[in-house]
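This report refers to the structure that appears directly beneath it.
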Amino acid sequence: MKCPVCGDECIREAGEIIDMIPAVFARCKDCRVKLLDKRLPPPREGYQEVCACGKRFLDDVFWHLYSLFRREGIFTGKESLRDVGSPLLHPGYPIASPPFLPGRSLVLLSPYPDKAVARMIIDEIPEIRGVVKSGKFVPGITDTSLRKNPRTYELLAGCDVRANVFPTKAGPVVIFQQHSLIHVEFPRAHNPKICSVEDRITKLKPEWFVDACCGAGTLGLTGARWGIPHVLLNDTWYAAAFWSACNTWVNRKFFRIDDVTIHADYADMSKHPVGRKPVLIAETEGAQHIQIFQADLQSLHQVLPKEPVLAVIDLFDKSDRAALGRIIRDWTRHVNGEAFIP
């Protein structure tokens, strides 16, 4: 599948991504390790260049970035190494030791670069696939009332599309997303949200499963991985709905489906970023029926069946317990079945 961000072959089938693990970040016998204290500035010089195997230790990559920041006047040399930014590995999965990075395997989130510096990073540091200017906020929709305008980070250079591999009891699920538009969720060996969903699925054995605030699709596609006959994923944010559709295609060989049809175009969706009434973004054909919608949570009942539905409502902000209670009560007034917050 062509990447809607850069046009390259970034989006690959789940099996190809899974087959990369665990060798993708493994070292060769000649790879060198020098652990750095991330709380301190690194030495002015001395980072390792890329090994003959094509990989380099993560600390050396960040040391190289730090040196570039200092050269371009962004850093004075007093900042800590961790101040450079946040590394997002491609693909992301639970790892037990620091990684050795092959080419174009890291998206950098940082508040410091401008477009000129970001272009230098892409040109000079082979491990970086994309540079995103981050901020002290979460990209996408975080307000369930939809009164606040969504905010996004800015892709400065390269491509910020990458994959995470989430373990489930039914097998791994591969989730691609564009990180300037959707909040980061890191894979862990034990994911409480996934466990919560799987516990409900095994207990209730539903015919219908709904991921009502699906993000890039992790929980909804976990339900599909369990073979539930009817699965519906929904998000009001255009990027979340689109990447859920893409991820249905990415993981399609794990489902009892014949084909995935994506009805929407990413660029066109960006012109109407917040969905209100349900719009069908993608659907599958085959023994298992999976649909992806863009809609406000409160209007999704318009496309749901009268029969019982198991619905997970994974709201970003769970701090207001009274608001969560109101949302669940409103949902159950319109939709038959059980709804829960993981």
(request) State the Cα centre-to-centre distance between segment 15-75 and segment 158-228 in whole Å. (result) 30
(request) At q = 0.10, 0.16, 0.18 Å⁻¹, work out log10 I(q)/I(0) for segment 146-279 with the Debye formula, treating every Cα as an identical point scatterer and leaving solvent out; two decimals please. (result) -0.33, -0.84, -1.06
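Could you list the square roots of 5 times each eigenvalue of the Cα gyration tensor of segment 1-82, that is, the equivalent ellipsoid semi-axes, sorted largest first and rounded to whole Å? Display every interim value, and only then the final one.
Numbers: eigenvalues 180, 72, 24 Å².
The answer is 30, 19, 11 Å, longest axis first.
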(message) Just to compare against my own numbers: the Cα pair-distance distribution for segment 64-155, 5 Å bins, whole % per bin, please.
(response) 3, 12, 21, 21, 17, 13, 8, 4, 2, 0
(request) Kindly provide the pair-distance distribution of segment 154-220 built from C-alpha pairs, with 10 Å bins from 0 and whole-percent values in order of increasing distance. (result) 17, 47, 25, 8, 2
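Please arrange Glu127, Glu13 by counting, for each residue, the other beta carbons lying within 10 Å of its beta carbon, fewest first. Intermediate results must be reported in sequence, preceding the final value.
Details: Glu127 26, Glu13 15.
Sorted ascending by nearby Cβ count, the order is Glu13, Glu127.
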(message) What distance in nm lies between label points placed 7 Å from Cα along the C-beta direction at Ile95 and Asp114?
(response) 3.3
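How many percent of Cα pairs in the chain exceed 30 Å? Show your work: numbers first, answer last.
Working: 22380 of 58311 pairs.
Tail of P(r) above 30 Å: 38 percent of Cα pairs.
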(message) Just to check I understand the Karplus step: with θ = phi - 60° and J = 6.51 cos²θ - 1.76 cosθ + 1.60, what whole-Hz values come out for segment 328-340, glycine and proline as x?
(response) 5, 5, 5, 4, 6, 5, 9, 10, 6, x, 10, 10, 8
(message) Along its three principal axes, how long is segment 290-342 when you only count alpha carbons? Whole Å, largest extent first please.
(response) 30, 21, 18
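Given +1 on the Cβ of Lys and Arg, -1 on the Cβ of Asp and Glu, and no further charges, what dipole in debye does the chain carry about its Cα centre, rounded to the nearest 20? Can you show the working numbers first?
Working: 44 positive and 40 negative charges, 174 e Å.
Computed about the Cα centre, the dipole is about 840 debye.
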(message) Quick query: amide H of Leu156 versus all other amide H atoms, modeled in the peptide plane; which residues come in under 5 Å with a sequence gap of 5 or more or a different chain?
(response) Val131, Val132, Lys133
(request) Once you have the Kirkwood Rh of segment 190-340 from its Cα pairs, apply Stokes-Einstein at 20 °C and 1.002 mPa s and quote D in µm²/s. (result) 140
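Among Val107, Val279, Val309, which comes first, second and so on when ranked by fewest other beta-carbon atoms within 10 Å?
By the 10 Å Cβ count, ascending, the order reads Val279, Val309, Val107.
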(request) Can you put Met269, Met20 in order of Cβ neighbours within 10 angstrom, beginning with the fewest? (result) Met20, Met269
(message) What distance in nm lies between label points placed 7 Å from Cα along the C-beta direction at Glu45 and Gln298?
(response) 6.4
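Read-outs throughout are calculated quantities, based only on the coordinates presented, and are distinct from any laboratory measurement. Quick caveat: nothing in here was measured; it's all calculated off a predicted structure. No Cβ is skipped: glycine too gets one built from the backbone with ideal geometry, and neighbour counts run over all protein chains shown.
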